[in-house]
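Asker: Mind looking over this structure? Questions follow.
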Amino acid sequence: MNISRFKGTGVALITPFRSDGSIDFSALKRMVNYQIENGTNYLVALGTTSESPTLTFDERQAVLDYIIEVNNKRLPLVVGCGSNNTRELVEMARNFDKPGVDALLSVAPYYNKPNQEGLFLHYKALANTTLLPIILYNVPGRTASNIDAQTTIKLANEFKNIIGIKEASGNLAQAMQLIKNKPKNFLVLSGDDATALPLIALGFDGVISVVANAFPAIYSELIRLSIKGDFEKARELHYRIINIIDSLFEEGNPAGVKAYLSCNGLIENNLRLPLVPVSKALMTKIKDYNSKL
């Protein structure tokens, strides 16, 4: 299994909406091509940044099918496939296992707060359902449950199609235990744009990024330089873009990145409730940062 396809920069694609709330497929095509033309290593569809909780089942299928069509296998494609209902997750995985999909990204069960045994059995069920590579996604700030390093490593050792984890716990001690004890061919990816550089210095293999939606060229280069070990040049780009990254999350994701994308004419600045566009004050700051990059 060629896991190197998922090293570097993956972009967690937004879902563009029109003012009436419908999906803007022409803007979605623009976004996919923008990534391909500007150095992103792979695409991630239907993640948190896509506002997937607000998409119906049919809309998710339509978005995925359209991205597959537009991408036309030019970049590897990872699809978000997560639920706090294991039976639903298994069915979702079957629906997403189609030509043009290269891997699944599966967020830890949210809200119902399973223990480590529950998390292990949840992912065991997924791994036994599909032959697609699976990237775990640990983001306790959203799920209220943490996949600890021991559970991740146990899953990595027992299931060949569990190939990596998007680690967004913010816990450096846990991150270092993952790097120290993981199998050789297991990816550890940052789930946080601002800390990707130092995490790569610790041994991470790349990032699944939000900021790359709006600035794929500069951010992909930052990650490439970091993986190469050229931290002097990588730091220059890091500090050039750090204020932008911070502003992206000031009022939540993807409101911030959609504001930047709208400033650059790539999409309309629309979100689905309960999410709303950024405030006027933050938009003023975003326009200022954008003009200076």
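Asker: Are any residues in segment 229-268 among the acidic types (Asp, Glu) and without any contact (Cβ under 8 Å) to a residue 40 or more places away in the chain, and if so, which ones?
Answerer: 230, 232, 236, 250, 251
Asker: Please find, within segment 246-263, the residue that is surrounded by the most Cβ atoms within 10 Å (Cβ to Cβ) out of those that are out of contact with any helix residue (DSSP H, G or I) (no Cβ under 7 Å at 6 or more places or on another chain) and of a type outside the set (Gly, Ala, Ser).
Answerer: Here the answer is 258.
Asker: Let me ask you something else. Regarding residue 76, is this residue modelled with pLDDT of 95 or more and touching a Phe, Trp or Tyr at 6+ places or on another chain (Cβ under 8 Å)?
Answerer: When the stated conditions are applied, residue 76 passes them.
Asker: Which one of 209, 291 is hydroxyl-bearing (Ser, Thr, Tyr) and touching a strand residue (DSSP E or B) at 6+ places or on another chain (Cβ under 7 Å)? Lay out the reasoning, then the answer.
Answerer: Numbers: 291 fails: touching a strand residue (DSSP E or B) at 6+ places or on another chain (Cβ under 7 Å).
Criteria check complete, one pass: 209.
Asker: Now a separate question. If I go through segment 38-57 residue by residue, how many of them are in contact (Cβ under 8 Å) with a residue 12 or more places away in the chain, out of contact with any Phe, Trp or Tyr (no Cβ under 9 Å at 6 or more places or on another chain) and part of a loop (DSSP other than H, G, I, E, B)?
Answerer: 1
Asker: Right, next: Cβ-Cβ distance below 8 Å, separation of 6 or more or different chains: which pairs start in segment 270-288 with a residue that is modelled with pLDDT of 95 or more and end on one that is of a type in the set (S, T, N, Q) and not in a loop (DSSP other than H, G, I, E, B)?
Answerer: Matching pairs, first to second residue: 272/54; 273/54; 275/54; 282/247; 285/247; 286/247.
Asker: Next up: Could you check segment 202-221 and list, in sequence order, the residues that are among the hydrophobic types (A, V, I, L, M, F, W, C) and within 22 Å of residue 259 (Cα to Cα)? Steps first, answer last, please.
Answerer: Our first condition is that a residue be among the hydrophobic types (A, V, I, L, M, F, W, C); within segment 202-221, this holds for 202, 204, 207-208, 210-212, 214-215, 217-218.
Matches in segment 202-221: 207, 208, 210, 211, 212, 214, 215, 217, 218.
Asker: Select from segment 78-129 the residues that are touching a strand residue (DSSP E or B) at 6+ places or on another chain (Cβ under 7 Å) and among the β-branched types (Val, Ile, Thr) and write down the one among them that is farthest from residue 51 (Cα to Cα).
Answerer: 101
Asker: Another question, if that's okay. In this structure, is residue 278 within 20 Å of residue 55 (Cβ to Cβ) and of a type outside the set (Phe, Trp, Tyr)? Walk me through it before giving the result.
Answerer: On the way: within 20 Å of residue 55 (Cβ to Cβ): no; of a type outside the set (Phe, Trp, Tyr): yes.
In short, no.
Asker: Go through segment 163-197 and report how many residues are in contact with a His (Cβ under 6 Å, 6 or more places away or on another chain) and of a type in the set (Lys, Arg).
Answerer: Here the count works out to 0.
Asker: Quick one: residue 152 ticks every box in (1) touching an Asp or Glu at 6+ places or on another chain (Cβ under 9 Å); (2) of a type outside the set (Phe, Trp, Tyr); (3) under 19 Å from residue 226 (Cβ atoms) except a single one, so which number is it?
Answerer: Condition (3) is where residue 152 drops out.
Asker: Something else now. Name the single residue that is surrounded by the most Cβ atoms within 10 Å (Cβ to Cβ) among those in segment 65-87 being aliphatic (A, V, I, L, M) and out of contact with any Leu (no Cβ under 6 Å at 6 or more places or on another chain).
Answerer: 67
Asker: So, one more: Give the residues of segment 85-104 that are among the aliphatic types (A, V, I, L, M) and out of contact with any Phe, Trp or Tyr (no Cβ under 8 Å at 6 or more places or on another chain), sorted by residue number.
Answerer: Matches in segment 85-104: 89, 90, 92, 93, 101.
Asker: Quick check: is even one residue across segment 12-19 on the phi > 0 side of the Ramachandran plot, surrounded by 24 or more Cβ atoms within 10 Å (Cβ to Cβ) and in contact with a Ser or Thr (Cβ under 7 Å, 6 or more places away or on another chain)?
Answerer: No, segment 12-19 contains no residue that is on the phi > 0 side of the Ramachandran plot, surrounded by 24 or more Cβ atoms within 10 Å (Cβ to Cβ) and in contact with a Ser or Thr (Cβ under 7 Å, 6 or more places away or on another chain).
Asker: Any residue in segment 20-36 that is free of Cβ contacts under 8 Å to residues at least 24 places away in the same chain sitting within a Cβ distance under 9 Å of a residue that is of a type outside the set (Val, Ile, Thr)? List the pairs, counting only those 6 or more apart or interchain.
Answerer: Close Cβ pairs (under 9 Å, with a partner that is of a type outside the set (Val, Ile, Thr)) amount to 20/270; 26/16.
The values are calculated or read from the model by the stated rules, or taken from the named source; none is laboratory data. Just so we're clear, the structure is a prediction, and the values are computed from it rather than from any experiment. Backbone-built Cβ (ideal geometry, glycine too); neighbour counts: all protein chains shown.
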